[in-house]
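Quick notes on the structure that follows.
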Amino acid sequence: MSAAREQILAGIRQSLGRPALEGEGLDEIKARLANHSRHIIPERVNLEAQGLRELFISKARGVSATVAEIRAMSDIPEAVATYLASENLPARVVQAPSLGGIDWSVTPMMEARTGAAEKTDETSLTTADSGIAETGTLLLSSGSDTPTTLNFVPPTHIVVLRRGHVVASYEDAWDQLRAASVESGPPRVANFITGPSRTGDIEQKIEIGVHGPLRLHILLVGEE
């Protein structure tokens, strides 16, 4: 850390009455991070695994996302092709490197490439770290295998979510992400996505797809 940056941050800590980042002060910060308190959890998520999945699907559909349940990762190509055909969309996708093992040969009409999204891409295919039943929200983290551009650039976003990764609350999603990041460290960015992009800024009328994807389609995969 540069001397100038350290001086600025030290001044901020002093004005807030916070201890210095050394000795007991540093120990206090580490203890607070290790034992952070959890927020109030809604009673509606006090459910078993199947109930959480049903609640997640209901909440996701309630915010204009669509959900399809499939049995295995090998069913993804057909599920993607079926969805694109139902929306009269081109049979082309750009997929996250984390999905590089998908065998697209079972759907010969589909075109798929792997990498970050470009402006000309119409449909992206990514993975989600968690699905949050509380609000039907997806948690997607950035990384070399999961470029963030895939989440926001193409007008159609298809997300693969494993059944075992549906959790009750935001706190559970953070716990899952922390556990997965023990060795690699936390991701640079974690995005919470609830339904397609929308805004009500213009005359208080909801418009879909203004700041991101127009469509959000979730493939809930049965493999644990």
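FYI, it's all coordinate maths here, none of it is from the lab. Please read these numbers as outputs of a predicted model, since none were measured by experiment. Because the Cβ atoms are built from the backbone with ideal geometry, glycine has one as well, and the counts that use them run over all protein chains shown.
General observations
- The string of couplings for region 48-55 from the Karplus curve (6.51, -1.76, 1.60, θ = phi - 60°) is 6, 4, 5, x, 5, 5, 5, 5 Hz, one whole number per residue in order, with x for Gly and Pro.
- Folded to 0 to 90 degrees: helix 76-86 orientation relative to the chain principal axis, Cα: 70 degrees
- By the equivalent-ellipsoid construction on the alpha carbon gyration tensor, the chain comes out with semi-axes of 36, 21, 19 Å, ordered largest to smallest.
- Helix axis angle, 23-34 relative to the chain longest principal axis, alpha carbon, degrees: 30 degrees
- For SER141, the amide hydrogen comes within under 5 Å of the amide hydrogens of ASP129, ASN191, counting only partners 5 or more places away or on other chains and with H modelled in the peptide plane.
- The chain - percent relative contact order, Cα under 8 Å, separation 6 or more: 23 percent
- Table column - 3J(HN,Hα) (Hz), region 128-145, Karplus curve with 6.51, -1.76, 1.60, x for Gly and Pro: 10, 6, 8, x, 9, 5, 3, 9, x, 9, 9, 10, 10, 9, 8, x, 5, 8
- Amide hydrogen proximity for VAL166: with H placed 1.01 Å from N in the peptide plane, the residues at 5 or more positions away or on another chain lying under 5 Å are GLY131.
- Taking HIS36, HIS165, HIS157 in turn, the Gaussian network model of the chain (Cα-Cα springs below 10 Å) assigns the largest fluctuation to HIS36.
- For the chain, the residue among TYR83, SER144, LEU216 whose Cα projects farthest onto the positive side of the dipole built from Cβ charges is LEU216.
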